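First the structure, in the form of structure tokens, and then the observations on it.
The values are calculated or read from the model by the stated rules, or taken from the named source; none is laboratory data. In this text the structure is predicted, and so the values were computed from the model without any measurement. Cβ: placed from backbone, ideal geometry, glycine included. Neighbour counts: every protein chain shown. In case anyone asks, the SASA skips ligands and DNA or RNA and just uses the protein heavy atoms, side chains included. Shrake-Rupley method; radii C 1.70, N 1.55, O 1.52, S 1.80 Å.
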Amino acid sequence: MGTFYSLGIVQDFTAKSTGNTSIEPRNLEVAVGDRLNLDLFSLRQEQGVLLGQLKPGTLEEHLEDFVRTLKQIANQHSRIDEYWNIYGCQWENYPLEYWVMEFKNAQGQGIKLSGMALFLFIEGKVGADEFEIEPLLLNWLFRHSSLENPLAGAVVSIILG
């Protein structure tokens with residue numbers, strides 16, 4: 001077995017304060033919006049927690065183009081084709097995995113963002129059980145990239161295994 005690196009598209013998320021004080025709902029949305037394109041999600045607030053669910057049809061409409069873009073970025077790497085060749089546009093058959101990231105908002109308040117993501121490929125074994133900085137960097141870079149595919153606003157990376 002082992003631990004593997006992967007990249008995925010957020011299917012749902014929960015965002016909440018990690019401290020003893022709650023975060024104003026608008027401030028929580030702003031902070032999470034810096035990490036995920038909230039226009040892609042159906043949102044609701046419950047007792048200081050922001051919940052999001054990827055809107056129906058988003059994957060069907062954009063997944064194939066997003067995979068094509070990943071292949072261009074990775075110089076046509078065949079590892080990206082492995083899941084695509086098995087599952088294609090049948091997104092409901094892709095493996096889902098739990099993911100989590102923690103960060104601070106502009107006011108310095110801690111936020112835990114977690115949920116389930118559809119993973120698009122698994123990279124080779126990695127020698128770490130956990131990354132703290134890299135997933136934050138990669139998520140932010142995709143979120144703020146000029147890629148025309150909206151799924152760039154829902155990318156997370158994770159160590160599996």
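Restricting attention to the range 120-150 and to residues that are assigned to a strand (DSSP E or B) and within 14 Å of the chain's Cα centre (by Cα), the residue that is nearest to Val32 (Cα to Cα) turns out to be Leu120.
For (1) touching a residue at least 24 places away in the same chain (Cβ under 8 Å); (2) loosely packed, with under 12 Cβ neighbours inside 10 Å; (3) β-branched (Val, Ile, Thr); (4) within 14 Å of Leu147 (Cα to Cα), each residue gets a yes or a no:
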site: Asp65; (1), (2), (3), (4): yes, no, no, yes
site: Leu70; (1), (2), (3), (4): yes, no, no, yes
site: Arg79; (1), (2), (3), (4): yes, no, no, no
site: Glu82; (1), (2), (3), (4): yes, no, no, no
site: Asn85; (1), (2), (3), (4): no, yes, no, no
site: Gln90; (1), (2), (3), (4): no, yes, no, no
site: Glu102; (1), (2), (3), (4): yes, no, no, no
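Listed conditions (1) closer than 17 Å to Lys71 by Cα; (2) open to solvent by less than 20 Å² (accessible area, probe 1.4 Å) are all met by Ala154, apart from (1). Cβ-Cβ distances below 9 Å connect the following pairs, each with a first residue in the range 132-159 that is more than 17 Å from Val30 (Cα to Cα), a second residue that is acidic (Asp, Glu) and modelled with pLDDT of 90 or more, and a separation of six or more residues or different chains: Glu132/Glu102; Glu148/Asp65; Asn149/Asp65; Pro150/Asp39; Pro150/Glu61; Leu151/Asp65; Ile158/Glu97. Within the range 85-99, the set of residues being among the aromatic types (Phe, Trp, Tyr), under 18 Å from the mean Cα position of the chain (by Cα) and assigned to a helix (DSSP H, G or I) comprises Trp91 only.
Taking the condition more than 29 Å from Gly161 (Cβ to Cβ), of a type in the set (Lys, Arg), touching a strand residue (DSSP E or B) at 6+ places or on another chain (Cβ under 6 Å) and at pLDDT 90 or above, does Lys55 pass?
On the way: more than 29 Å from Gly161 (Cβ to Cβ): yes; of a type in the set (Lys, Arg): yes; touching a strand residue (DSSP E or B) at 6+ places or on another chain (Cβ under 6 Å): yes; at pLDDT 90 or above: yes.
When the stated conditions are applied, Lys55 passes them.
Restricting the range 4-41 to residues that are open to solvent by 20 Å² or more (accessible area, probe 1.4 Å), in a loop (DSSP other than H, G, I, E, B) and not acidic (Asp, Glu), the residue that is nearest to Glu64 (Cα to Cα) is Asn37.
What about Ala117, is it among the aliphatic types (A, V, I, L, M) and assigned to a loop (DSSP other than H, G, I, E, B)? Spelling it out, it is not the case that Ala117 is among the aliphatic types (A, V, I, L, M) and assigned to a loop (DSSP other than H, G, I, E, B).
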